[in-house]
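Following: one structure in structure tokens, then a few remarks.
Nothing in this text is a laboratory measurement; each read-out follows from the coordinates by a stated rule. Model, not experiment: these values are computed from the prediction. Please note: Cβ atoms are built from the backbone with ideal geometry, for glycine as well, and neighbour counts cover all protein chains shown.
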Amino acid sequence: MPYRRGSKWVAQVRKDGLRREKVFFMKKEAQDWEAEMRRQPVKDWNGKTATVCIGDWAQLYLDYAKTKFSVKTYKEKRSMFERFQKEIDPTLPVDDLKPAAVLAYVMKQKEVRSGYAANKDRKNLVAGWHWGMKYMDPPLPGLNPCLVERMPEVRKPRYVPPEEDFWKVYELVEGQDQVMLLTFLHLAARRGEVFRIQWADVDFGNNRVRLWTRKRQDGTYEYDWLPMTTELRKSLLWWWDNRPIKDTPYVFVCLDKLPCCEEYFGQPFTNRQHFMRRLCEDAEVPVFGFHAIRHLTASTLFKLGYEIGVIQTVLRHKSPNTTERYLRSIGLERVREALEGLSRDREAKLIQFPPGQAKAVSGSEK
């Protein structure tokens with residue numbers, strides 16, 4: 001007999017040691033399906049009774065995402081499905097998922113979280129459904145019901161700390177921590193990229209550092225070599241000679257001997273959750289994190305007059321359009337510069353650099 005699960009009815013049939021289930025909206029539909037299945041020979045059950053529900057799809061896609069994407073991306077997708085299945089019954093057959101239900105979910109996320117968060121959930125739903133259409137057996141039906149309208153977003157420029165704030169924080173630390181902060185600044189690196197640096201990635205002979213990233217469309221690990229500045233080279237050489245743990249391949253490892261860190265001693269960092277907050281509070285500057293130092297590097301290069309192509313290389317973006325969007329996200333843009341070119345006295349306009357910086361820039365381009 002069918003049994004109730006939430007607002008749905010689950011039909012079930014057992015025969016010759018096999019069991020099949022299917023979810024329906026109406027009890028009568030569930031009863032009719034049970035009667036039909038009992039009339040069929042068991043040999044005809046295979047391939048005719050499999051019902052893929054929302055929960056099945058979510059689990060299969062998350063299993064794939066766990067092996068394909070970074071831990072951060074996987075957790076983002078897992079959290080999205082947890083929210084989604086609170087609004088959409090996970091036992092709902094995928095055939096019954098309608099755009100209206102997806103839109104209602106996205107709209108709710110916009111209200112309780114933000115338009116940006118809602119659109120990120122929408123993006124993950126669309127990607128998950130496209131994956132199911134391509135790889136699940138049976139495949140998810142098209143058209144993709146998750147392709148609903150995007151929500152309006154209100155994006156504020158990302159915070160870029162002033163240079164003096166960075167150096168105030170820098171002066172509060174010593175040893176490994178100073179080397180790490182300088183690495184963030186001189187390589188415009190992401191947090192995970194710095195934490196993953198091994199000594200094999202530091203090429204002192206050619207004055208370059210290799211950064212590994214998974215920030216690509218297919219999640220593949222790739223690397224880029226970046227020049228090692230004179231200051232960074234000096235700092236890393238000092239750390240190579242003075243590091244207390246010689247048998248680790250990683251450049252930066254946990255050296256805290258507090259009880260809470262005992263099991264991580266000598267292991268590479270994964271987050272350093274409160275490190276920057278404590279430093280900023282001690283330096284009495286607005287709190288910023290590791291990624292804000294990447295913003296600072298890009299902002300400084302932009303203000304020094306370097307072209308988009310140079311900044312793109314430093315940030316390691318595949319497309320200059322990505323670099324343009326990135327600069328806009330931290331409150332920088334070239335539209336003003338273009339419009340200034342319409343002025344009658346444009347030939348008299350020169351880019352002004354702080355004292356000493358103009359010489360450094362011109363010398364670097366020789």
Long-range amide H partners of Arg5 with built H, under 5 Å: Val10
Could you give me the ³J(HN,Hα) list for segment 317-330, computed from phi with Karplus coefficients 6.51, -1.76, 1.60 and θ = phi - 60°, whole Hz, x at Gly and Pro? 7, 6, 10, x, 5, 5, 5, 4, 5, 4, 5, 5, 5, 9
Relative contact order (percent) for the chain, with alpha-carbon contacts under 8 angstrom and 6 or more residues of separation? 12 percent
List the pair-distance distribution P(r) of segment 141-198, using every Cα-Cα distance, as the percent of pairs falling in each 10 Å bin from 0 up to the bin containing the longest distance, rounded to whole percents. 16, 32, 19, 16, 13, 5
Express in whole angstrom the spacing between the alpha-carbon centres of segment 95-156 and segment 199-213. 41 Å
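Go through Lys72/Lys120; Lys22/Lys77; Lys75/Lys120; Lys77/Lys120; Lys8/Lys77 and tell me which ones have a Cα-Cα distance over 18 Å in this structure. Don't skip to the end; give the middle numbers.
Working: Lys72/Lys120 14 Å; Lys22/Lys77 26 Å; Lys75/Lys120 13 Å; Lys77/Lys120 10 Å; Lys8/Lys77 26 Å.
Over 18 Å Cα-Cα: Lys22/Lys77; Lys8/Lys77.
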Residue by residue through segment 168-176, what is 3J(HN,Hα) from phi via Karplus (6.51 cos²θ - 1.76 cosθ + 1.60, θ = phi - 60°)? Round to whole Hz and write x for glycine and proline. 4, 5, 4, 6, 7, 10, 8, x, 4
Multiply the residue separation of Val310 and Ser329 by 0.36 nm, subtract the distance between their alpha-carbon atoms, and state the gained length in nm to one decimal. 5.0 nm
Non-local amide H neighbours of Arg208 (under 5 Å, H modeled in plane, Pro and chain starts lacking H): which ones? Asp203, Met228
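If N is the number of residues in segment 252-310, what value comes out of its Cα radius of gyration divided by 2.2 N^0.38 Å? All intermediate terms of the calculation are to be shown ahead of the outcome.
Values: Rg = 16.2 Å, N = 59, 2.2 N^0.38 = 10.4 Å.
Normalised by 2.2 N^0.38 Å, the Cα Rg of segment 252-310 equals 1.56.
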Between the modelled labels at Ala35 and Arg278 (7 Å from Cα along Cα→Cβ) the distance in nm is 7.1 nm
Kirkwood hydrodynamic radius over Cα pairs of segment 78-135, then Stokes diffusion coefficient at 37 °C and 0.692 mPa s, in µm²/s: 279 µm²/s
P(r) histogram, all alpha-carbon pairs of the chain included - 10 Å bins from 0, percent: 4, 17, 23, 20, 15, 11, 6, 3, 1, 0
For segment 163-346, fraction of C-alpha pairs farther apart than 19 Å, in %: 63 percent
